[in-house]
Every structure is written in structure tokens, then in C-alpha cells.
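Worksheet: the structure to be examined is printed underneath.
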Amino acid sequence: MPTILSIGEALVEIMRPRPDLPLDRPGPFVGPFPSGAPAIFADCVARLGVSSGFIGVVGADDFGACLRNRLIADGVDVAYLATDPSRLTGIAFVTYVSDGERHFLFHMQDAAAAQLGLQHLNRDYVAQAKWLHICGSALAASEGARSACYQAVEWTKAAGGRVSLDPNLRPELLGAEHVRRICRPVLQAADIVLPSGKEASMLTGIHDPEEAAMALTGEGRIVALKRGAGGSIVFTSCERLAVPAFPVEEVDPTGAGDCYGAAFLVGLLEGWPLTQVARSANAVGALATTRLGPMEGVPMREEVEAFIRDHS
């Protein structure tokens, strides 16, 4: 039974092998690479040595097998990773631009991932977890997935567990008010919030990211503001801890924030001071960017420890 549980979409990414190859022209691709924010999070938790579980839906196809096999190989419990024989596994086609922008073409709305619903939940399985992790992308995937996330949060809190929220949504695509509305029930229950600057502003309506992050604290909640190459800043109701980033050569930033969140929760479970928690999370997030593919750079705990020692 997993200590940390995540719920939401699992998909594969099929990517251009180098920047500046647009998706509207013929050209080479590489992949499939296992992906989906909640799935990346679950995989990272397992590779960091903590019992991890994932609830989601894939198709009865080769891409679904790719995802299931990867999660199993890395130690994720997939007892509640369902297979929908009538739907294809979710797919994202991805290309990068030299300025760092990413362009995505998703097959999600009619894919297996979007079919997640209350029927895929088991109360005993959810309630035994110490932590439940919710991503904004799962809340936006479909009404059924959103209902499943809300129900899982309710069961977790009723059993004395804790909840983390990574908003990971783009307000310019969905609209800030819609994002605030779908995140609100989880935010109200969250013990940890893991936003970027734009997401903190989106959730609060406060333009300044640090002021927005501080506004999200309260009731014992911790807010970890992810700043990419700027590191991260951890806020509680009474302190602000700025922790610098680790320098790496970035290859693929997709999934780095999910890995940061996974490492943050693992550090809290270890009982580390918040500065050490954030430093470890920064290291894991940095390492995650060093290989092509969202899960390909997810490090093992030994690799993280050696990386931090080398940069001390």
C-alpha cells in the first residue's frame, strides 16, 4: 500500500529530436516517452525510494503497455491503473523552439486518461496513503477526473492524510477564473501548494508572485514557489526560505516541476528541515531536465545524494 499516492492522467509524448522543427511539417520524431504530470510525480517518488502508487486509465494498446511497464519497472504500485479497451492511450506530440518555448498537440479529451472517474477509486486504498498528490492538469482533464480527485481528497483528509496541490495549468489557455474554480476545493484542503509564479498569481489574483505565494500560506500550509533556474522559495505563515538552483545543461524541462514536488514530499517524510527539503527538491528538478523525455531524467536517490555532495 503506497505511502504517497497520485491520481490523474498518464500519456505518452512523441517528440521532435531537436528544436525548431514545427509540428505542421514532415520530419522525424522520437519516443514514445512515458509522461503525464501525476504519473511523472509517482515515478519520481518511487525512484527516490518511497512507496508510491498511481491511479489513472490507459488504453489497451502499446502506448498503455509502455506506461504500465515503465511505472512497474520503477516500483510504482499500479493496482489501480485501469485499462479502457475502448479508448486509445493519451498522446502528446511535442516540439521545442530555440527560445525555450514548447508547443504541444494533445490527443486527450477522447483518450483513456480522460475517462478517469469515481468508478476507478477504492476508498480503502486511497485512505491509507499518508499523502495524496493532485495536479491541476488532472482537474482539467474531464468532469469525471475532477470528481475523482475531489473524492480522493475528501477520503484522504477524513482518514488523517495530507494533500499536496501542483496547479500546473496555463491560465492563458483556460482562463484564470476557471482555473481558480476547479482548483479551489483541493486548495482549501491542501497542506502543501507547489506553484510557479504565474500559478500563484492565478490562484490569488495577486500580481507579484512572492506576495501571491505568501497569501496562499495559512492554517499550517507550506507553499513552495518554483522558479526554474532561479531555484525555489519556501513560504510558511512565519518564514521565507530562498534556496538557489543547481546549474545543469537543460535538455528537456518537461516534468521537472513534478519531480520537484515528488522530492519535496519525500523530504518532508524524512523529517528534514525545510531548507534541506527544498535543496533536495531543487537538485531532483534540475537532474530531471538533463535527458530527453519527461521521465528519462528522473534520478535515483543515490544519484541525487552524489549530485548534492558534488555541488556542496
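The values are calculated or read from the model by the stated rules, or taken from the named source; none is laboratory data. All values derive from a computational prediction rather than experimental measurement. Using ideal geometry, Cβ is built from the backbone for each residue, glycine included, and neighbour counts are taken over all protein chains shown.
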Give me the residue from the range 30-50 that is crowded, with 24+ Cβ neighbours inside 10 Å and part of a loop (DSSP other than H, G, I, E, B) and, out of that set, nearest to the chain's Cα centre (by Cα). GLY36
Test for GLY100: is it in contact with a helix residue (DSSP H, G or I) (Cβ under 8 Å, 6 or more places away or on another chain) and either more than 17 Å from GLY36 (Cα to Cα) or surrounded by fewer than 22 Cβ atoms within 10 Å (Cβ to Cβ) (or both): no
Answer yes if at least one residue in the range 279-300 is farther than 30 Å from GLU177 by Cα, acidic (Asp, Glu) and touching a residue at least 60 places away in the same chain (Cβ under 8 Å), and no otherwise. yes
Considering only the range 3-21, I want to know if a residue exists there that is out of contact with any strand residue (DSSP E or B) (no Cβ under 8 Å at 6 or more places or on another chain) and at pLDDT 95 or above. no
Looking at the structure I just gave you, is GLY285 on the phi > 0 side of the Ramachandran plot and either out of contact with any Ser or Thr (no Cβ under 6 Å at 6 or more places or on another chain) or among the charged types (D, E, K, R) (or both)? no
Return yes when ILE72 is part of a strand (DSSP E or B) and either within 13 Å of GLY36 (Cα to Cα) or out of contact with any Pro (no Cβ under 9 Å at 6 or more places or on another chain) (or both) and no when it is not. no
Looking at GLU305, GLU239, GLU250, which is the one that is under 16 Å from LEU48 (Cβ atoms) and surrounded by fewer than 17 Cβ atoms within 10 Å (Cβ to Cβ)? GLU305
Looking at the range 202-233, which of the residues that are in a strand (DSSP E or B) and small (Gly, Ala, Ser) is surrounded by the fewest Cβ atoms within 10 Å (Cβ to Cβ)? GLY218
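If you take just the strands (runs of 3 or more DSSP E) that sit entirely in the range 83-146, which of them hold at least 2 residues that are touching a Lys or Arg at 6+ places or on another chain (Cβ under 7 Å)?
The strands (runs of 3 or more DSSP E) meeting that bar are 90-96.
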With the first residue restricted to the range 208-229 and required to be free of Cβ contacts under 8 Å to residues at least 40 places away in the same chain, and the second required to be surrounded by fewer than 21 Cβ atoms within 10 Å (Cβ to Cβ) and assigned to a strand (DSSP E or B), Cβ contacts under 6 Å at 6 or more apart or on different chains are LEU225/ILE233
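Considering only the range 77-100, how many residues are of a type in the set (Asp, Glu) and over 19 Å from the mean Cα position of the chain (by Cα)? Walk me through it before giving the result.
Filtering the range 77-100 down to residues of a type in the set (Asp, Glu) leaves 77, 84, 99.
Now narrow it down to the ones that are over 19 Å from the mean Cα position of the chain (by Cα): 84, 99.
Total satisfying the criteria: 2.
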Name the residues in the range 1-29 that are surrounded by 19 or more Cβ atoms within 10 Å (Cβ to Cβ) and either charged (D, E, K, R) or farther than 24 Å from ASP110 by Cα (or both), would you? PRO2, ILE4, LEU5, GLU9, GLU13, ARG16
Taking the stated definitions as given, is GLY75 on the phi > 0 side of the Ramachandran plot, surrounded by fewer than 24 Cβ atoms within 10 Å (Cβ to Cβ) and of a type outside the set (S, T, N, Q)? yes
Could you go through the range 275-291 and let me know if any residue there is modelled with pLDDT of 95 or more, surrounded by fewer than 17 Cβ atoms within 10 Å (Cβ to Cβ) and not hydroxyl-bearing (Ser, Thr, Tyr). yes
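Where residues in the range 192-201 are among the hydrophobic types (A, V, I, L, M, F, W, C) and either touching a Ser or Thr at 6+ places or on another chain (Cβ under 9 Å) or surrounded by fewer than 21 Cβ atoms within 10 Å (Cβ to Cβ) (or both), which of them is nearest to ARG227 (Cα to Cα)?
LEU194
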Mind checking whether some residue in the range 4-26 is over 16 Å from the mean Cα position of the chain (by Cα) and within 28 Å of ILE192 (Cα to Cα)? no
Please indicate, with yes or no, whether at least one residue in the range 155-174 is in contact (Cβ under 8 Å) with a residue 12 or more places away in the chain, surrounded by 22 or more Cβ atoms within 10 Å (Cβ to Cβ) and assigned to a helix (DSSP H, G or I). yes
Look at ALA129 and say whether it is modelled with pLDDT under 95 and crowded, with 17+ Cβ neighbours inside 10 Å. no
